[in-house]
Amino acid sequence: MTPALADQACEACTSDDEPLTESEYAEYLTELNKDVWEVVDEHHLKGIYEFEDFRDALEFTYEVGELAEEEWHHPDIHLEWGEVQIEMWTHKIDGLHKTDFVMAARMDRIYNDYTST
């Protein structure tokens, strides 16, 4: 059985890799929070996480930053009161790679800590 996307390794791509096509990333997208994530222009992932207040949004942003440093895969992050927007793609190939989806799944897992009561 294949492990959950969030439990898979973040594998760096090479410049020989091609960006994922819609048919290639479609299965990965099904493992992400559908209320958060979308693929934009078949080029990048965009996620919008909502929070009850600024502090939770800020703490989530910090945790995502720690994850990004750990995996050396850095998203664009926009923080505002009650909301964190994430945009992510693999710059080396100027498009989507499996690692982008693994990172998004891990962000969803972090977010679940803020929404589960």
Residues meeting the amide H criterion for residue 83 (H placed from the backbone, H to H distance under 5 Å, 5 or more places apart or on another chain) are 51
Options (1) 25; (2) 47; (3) 55 are given for percent of Cα pairs over 23 Å apart, and the computed one is (1)
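Based on Cβ point charges of +1 for Lys and Arg and -1 for Asp and Glu, what charge dipole magnitude is obtained for the range 19-115 about its Cα centre, in debye rounded to the nearest 20?
About 240 debye.
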Expressed in angstrom and rounded, the centroid-to-centroid distance over alpha carbons for the range 1-27 and the range 64-79 is 18
Any residue on another chain or 5+ positions along whose placed amide H is under 5 Å from the amide H of residue 95 is listed here as 90
Excluding residues fewer than 8 positions from residue 34 in its own chain, the aspartates and glutamates with Cα under 18 Å of it are 22, 24, 42, 50, 83, 87, 100, 108, 113
HN-Hα couplings for the range 83-95 via Karplus (6.51, -1.76, 1.60; θ = phi - 60°), in whole Hz with x for Gly/Pro, come out as 7, 10, 9, 10, 10, 8, 7, 9, 4, 4, 10, 6, x
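Rule-based calculations on the coordinates, nothing more; no lab input. Since this is a predicted model, take the numbers as computed values, not measurements. Here the Cβ is made from the backbone with ideal geometry for all residues, glycine too, and neighbour counts use every protein chain on show.
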